[in-house]
1. Give me the pairs: first residue in the stretch 36-53 and without any contact (Cβ under 8 Å) to a residue 60 or more places away in the chain, second residue open to solvent by 90 Å² or more (accessible area, probe 1.4 Å) and in a helix (DSSP H, G or I), beta-carbon distance under 6 Å, and six or more apart or on different chains, which are they?
2. How about the stretch 22-78: which helices (runs of 4 or more DSSP H) wholly inside it have at least 3 residues that are among the acidic types (Asp, Glu) and open to solvent by less than 100 Å² (accessible area, probe 1.4 Å)?
3. If a residue has to be touching a Phe, Trp or Tyr at 6+ places or on another chain (Cβ under 9 Å) and hydroxyl-bearing (Ser, Thr, Tyr) to count, how many in the stretch 21-78 make the cut?
4. Can you spot a residue in the stretch 65-78 that is within 23 Å of the chain's Cα centre (by Cα), farther than 23 Å from residue 15 by Cα and among the hydrophobic types (A, V, I, L, M, F, W, C)?
Amino acid sequence: MSASPINIAVPFDSLAESISRLDLREKLKILRMLDEQIAQAEEELYEQDPQISAEIRDARAAYKAGDFKRIDDYLKKS
């Protein structure tokens, strides 16, 4: 028998209040989890956007061809 997830609707204000009562370690754990989920969601959005996908492909092709500047070289000329 597999466990089914339970979806519970919690008002945002209640959630925010609950989080404010956590200790720093627990808040940091939530922050890391949210950062990972946000990064994943942004990546999925980028992959769906044809313009961004094209820009990423172009950048990767330029990098592969050696058409790039190293940050050290860029900073030396600035």
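1. So the pair list comes out as 52/46.
2. In the stretch 22-78, 24-48 are the helices (runs of 4 or more DSSP H) which contain 3 or more residues that are among the acidic types (Asp, Glu) and open to solvent by less than 100 Å² (accessible area, probe 1.4 Å).
3. Result for the stretch 21-78: 1.
4. no
The values are calculated or read from the model by the stated rules, or taken from the named source; none is laboratory data. Just so you know, these numbers come straight off a predicted model, no measurement behind them. Backbone-built Cβ (ideal geometry, glycine too); neighbour counts: all protein chains shown. To get the accessible areas, we keep the full protein, side chains included, count just its heavy atoms, and leave off ligands, DNA and RNA. Shrake-Rupley method; radii C 1.70, N 1.55, O 1.52, S 1.80 Å.
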